[in-house]
Amino acid sequence: MKSSTPLFITLLTVSVIFMHGRCDEEVRRPRRLAQILGFSWENCGKPDDPAVLKALKLSPDPITIPGDLTASASGSTSVVLVSPLSVNVTLEKEVAGIWVKIPCVEEMGSCHYPDGCDILNQLIPPGQDCPEPLHTYGLPCHCPFKAGDYSLPQSDFYVPHIDLPFWLTNGNYRVQGVLGSAGKELGCLKVSLTIHSG
């Protein structure tokens, strides 16, 4: 099944369930063709964190934006995830062999988002069906997320053109997202990738 729905909506929902950060803000720039190389991920939370990602696969590698993408993911939470769900994102870029933290600019970069549930409500108004393939597989796209296992089977997407600020184009990046509630860490995820734009 192929979807033309913007992939970030699906990944954001998976992210809120599995501790990932958000990247849905766009800054208008000239159209560029971007490629993501060397994708990897790992859980970075405590052993007793209730939310963990178990699997995340993306192909092809490199990923072409715009272009086709195949993705699958699975994870679990042992507690109900309810609003407000804070998301703390740390974004680093490799500059001359040194990792430099990118500050939060226009809600992009190393930012604190007080409530990931509110972000989902802005992207997908309550009462509206979840986008594909979430709808087909019965995956929720709004809080609360019940305790249990979640799985996105291998699905095909079309990733549309994304306008990125100039400082988020070429380079190696590390992103860490920490999901929390009431001052307690629920989970943590690290993602590494390289972006090339032409």
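Considering only residues in region 95-104 that are in a strand (DSSP E or B) and under 18 Å from Val191 (Cβ atoms), the one that is least open to solvent (accessible area, probe 1.4 Å) turns out to be Val100.
For region 48-71, filtering for residues that are open to solvent by 20 Å² or more (accessible area, probe 1.4 Å) and at pLDDT below 90 leaves 12. The residues in region 36-51 that are closer than 15 Å to Leu186 by Cβ and within 14 Å of the chain's Cα centre (by Cα) can be counted, and the count is 1. When Glu107, Glu132, Glu92 are checked against the criterion of being modelled with pLDDT under 90, open to solvent by 30 Å² or more (accessible area, probe 1.4 Å) and in contact with a strand residue (DSSP E or B) (Cβ under 6 Å, 6 or more places away or on another chain), Glu132 stands alone in meeting it. Reported count of residues in region 110-127, each being more than 17 Å from the chain's Cα centre (by Cα) and open to solvent by less than 20 Å² (accessible area, probe 1.4 Å), is 0.
Checking the condition of a type in the set (Val, Ile, Thr), at pLDDT below 70 and either open to solvent by 10 Å² or more (accessible area, probe 1.4 Å) or over 14 Å from Asn88 (Cβ atoms) (or both), which residue from Thr169, Thr194 passes?
After applying the criteria, what remains is Thr169.
The values are calculated or read from the model by the stated rules, or taken from the named source; none is laboratory data. In this text, all values refer to a predicted model and were calculated from it rather than measured experimentally. Cβ: placed from backbone, ideal geometry, glycine included. Neighbour counts: every protein chain shown. Areas reflect the complete protein model, heavy atoms only, side chains present, ligands, DNA and RNA absent. Shrake-Rupley method; radii C 1.70, N 1.55, O 1.52, S 1.80 Å.
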